[in-house]
Amino acid sequence: MMIEEETKVYAVIGAAGAGKRMASAVPKQFLQIGGKTMLEMTADRFLALPGIETIVIVTGSDDLERCRQMFTSAIAQGRVQIVAGGKERQDSIWNGMQHLRHNGAADDSIVLIHDGARPYVSDALIQKVAEKAKETGAAIPAVAPKDTIRHREEGTLDRSQLCCVQTPQAFRFNLIEKAYSQAMADGFYGTDDASLAERVGQQVAIVEGEYTNLKITTPEDLQMEMRIGTGYDVHRLTEDRKLVLGGVEVPYEKGLLGHSDADVLTHALMDAMLGAAALGDIGQLFPDSDAAYSGISSLRLLEKTAQVVAAAGYTLGNADVTVVCQRPKLAPYIGQMRKNLAKTLKVPESKISIKATTTEKLGFTGRGEGIAAEAVCLLTR
């Protein structure tokens, strides 16, 4: 986070709703997308930011143990705390804030309030809203409506004056605590946190939101976009270089020449992911003119690529990589390669396929001059 280190930042994630409009047998925040629950995906966005002191997840009384099991590691590290919610969303968020107050939150802390069913929020948006709240006291993200909005009685409204409000909404702790306390005393229930702040006279700043920051509310919201990408890469074999493929150092008298570790297998996969998301290629993201990438492990570049793809709202469905080389034989190392890629991408190994083939001594790979790799991947959003 770019906020000054002395300003502590907390997050309260509301996940106590029943999600009746989803028409699901389980609350929507526990439905899975790409192998993770929506709540896990949402919390992961905040856990990825080291500047956030504590994340309080407020859930239904019947789901407390489920959440504790889901976040065992983060709870043990002191980064996540689980709190029981109330009857309405406002009651639940109030419980989360009271928990923070009783556990050391100061008046000048920043608290981010977010929906547990809004899993595609980006790191950049979280930081932008928090920084604006530090400056103004209260900030919310919003986007312009895409459709014409019509009042049932007053007719068509001026779309240029309207916006669609999102979360996370960020506030100085003492300010939002006062707003909630007054609302609870008056028996007033607002449509969002900002409406409570405005009710006690606080102006709320608006920052540009993101259309990808969707709140999953109905079954239609879970209709996935699927995109396919391909990647192809070639590196020359040369002496005095290590041969690294899929993060594995393969014993051989030659290695691949390149600015990084020249892991041609991993490079092909990165290009396939970036291509599927229409985010350019690895040359744009990690230019060989940048000394920062000299000799770097391609697994680190793959991790950064995954973060860029995830920030655009995409999840890896599966990947299939083919390595083309005459020598050495790669079969003994493919299992470890799959493990390395899966661990780096935080996906099950079953989503990663790696094959090796030769060209029957034809072409530059057959002559042992270089190694090529081709990858195909499926992304979902």
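The values are calculated or read from the model by the stated rules, or taken from the named source; none is laboratory data. Source: prediction; values computed, not measured. Note that each Cβ is placed from the backbone with ideal geometry, even for glycine, and that neighbours are counted across all protein chains shown.
Quick look at the values:
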| item | result |
| --- | --- |
| Candidates Tyr180, Tyr189, Tyr211 - the one that is among the aromatic types (Phe, Trp, Tyr) and either closer than 20 Å to Ile55 by Cα or not assigned by TED's automatic domain parsing to the domain that holds Arg89 (or both) | Tyr180 |
| Tally of residues being part of a loop (DSSP other than H, G, I, E, B) and at pLDDT 85 or above across region 10-30 | 1 |
| Tally of residues being exposed (fewer than 13 other Cβ atoms within 10 Å of the Cβ) and acidic (Asp, Glu) across region 201-225 | 3 |
| Those strands (runs of 3 or more DSSP E) lying entirely in region 132-242 with at least 1 residues under 30 Å from Gly363 (Cβ atoms) | 226-238 |
| Selection from region 179-191 of residues that are crowded, with 18+ Cβ neighbours inside 10 Å and either closer than 18 Å to Leu112 by Cβ or β-branched (Val, Ile, Thr) (or both) | Ala179, Tyr180 |
| Residue satisfying all of: in region 226-247; buried (at least 21 other Cβ atoms within 10 Å of the Cβ) and out of contact with any His (no Cβ under 9 Å at 6 or more places or on another chain); nearest to Gly370 (Cα to Cα) among these | Leu237 |
| Residue ID - farthest from Thr191 (Cα to Cα), chosen from residues in region 72-92 that are in contact with a strand residue (DSSP E or B) (Cβ under 6 Å, 6 or more places away or on another chain) and part of a helix (DSSP H, G or I) | Ala74 |
| Selection status of Val376, surrounded by 14 or more Cβ atoms within 10 Å (Cβ to Cβ), over 16 Å from Leu302 (Cα atoms) and modelled with pLDDT of 95 or more | no |
| Filtered residues of region 94-130 (kept if of a type in the set (A, V, I, L, M, F, W, C) and either without any contact (Cβ under 8 Å) to a residue 40 or more places away in the chain or not in a helix (DSSP H, G or I) (or both)) | Ala105, Ala106, Ile110, Val111, Leu112, Ile113, Ala117, Val121 |
| Qualifying residue in region 55-71 (condition: at pLDDT 95 or above, in the same structural domain as Ala16 (by TED's automatic domain parsing), assigned to a loop (DSSP other than H, G, I, E, B) and within 22 Å of the chain's Cα centre (by Cα)) | yes |
| Residue within region 356-373 that is under 15 Å from Ser298 (Cβ atoms) and either in contact with a Phe, Trp or Tyr (Cβ under 8 Å, 6 or more places away or on another chain) or among the acidic types (Asp, Glu) (or both) present | yes |
| Restricting region 103-148 to residues that are more than 19 Å from Ala310 (Cα to Cα) and among the acidic types (Asp, Glu), the residue that is surrounded by the fewest Cβ atoms within 10 Å (Cβ to Cβ) | Asp147 |
| Pairs, first in contact (Cβ under 8 Å) with a residue 60 or more places away in the chain and surrounded by fewer than 16 Cβ atoms within 10 Å (Cβ to Cβ) in region 75-87, second part of a loop (DSSP other than H, G, I, E, B) and polar (S, T, N, Q), C-beta under 9 Å, six or more apart | none |
| Checking Thr218 against (1) assigned by TED's automatic domain parsing to the domain that holds Pro328; (2) in contact (Cβ under 8 Å) with a residue 24 or more places away in the chain, the condition it does not meet | (1) |
| Filter result for Asp290 (among the acidic types (Asp, Glu) and in contact with a strand residue (DSSP E or B) (Cβ under 6 Å, 6 or more places away or on another chain)) | no |
| Strands (runs of 3 or more DSSP E) within region 270-381 that include 2 or more residues out of contact with any helix residue (DSSP H, G or I) (no Cβ under 6 Å at 6 or more places or on another chain), without any contact (Cβ under 8 Å) to a residue 40 or more places away in the chain and not assigned by TED's automatic domain parsing to the domain that holds Ser122 | 352-357 |
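Conditions tested, residue by residue: (1) modelled with pLDDT of 95 or more; (2) touching a helix residue (DSSP H, G or I) at 6+ places or on another chain (Cβ under 7 Å); (3) closer than 25 Å to Cys377 by Cα.
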position: Tyr189; (1), (2), (3): yes, yes, no
position: Val204; (1), (2), (3): yes, yes, no
position: Asn213; (1), (2), (3): no, yes, yes
position: Thr217; (1), (2), (3): no, yes, no
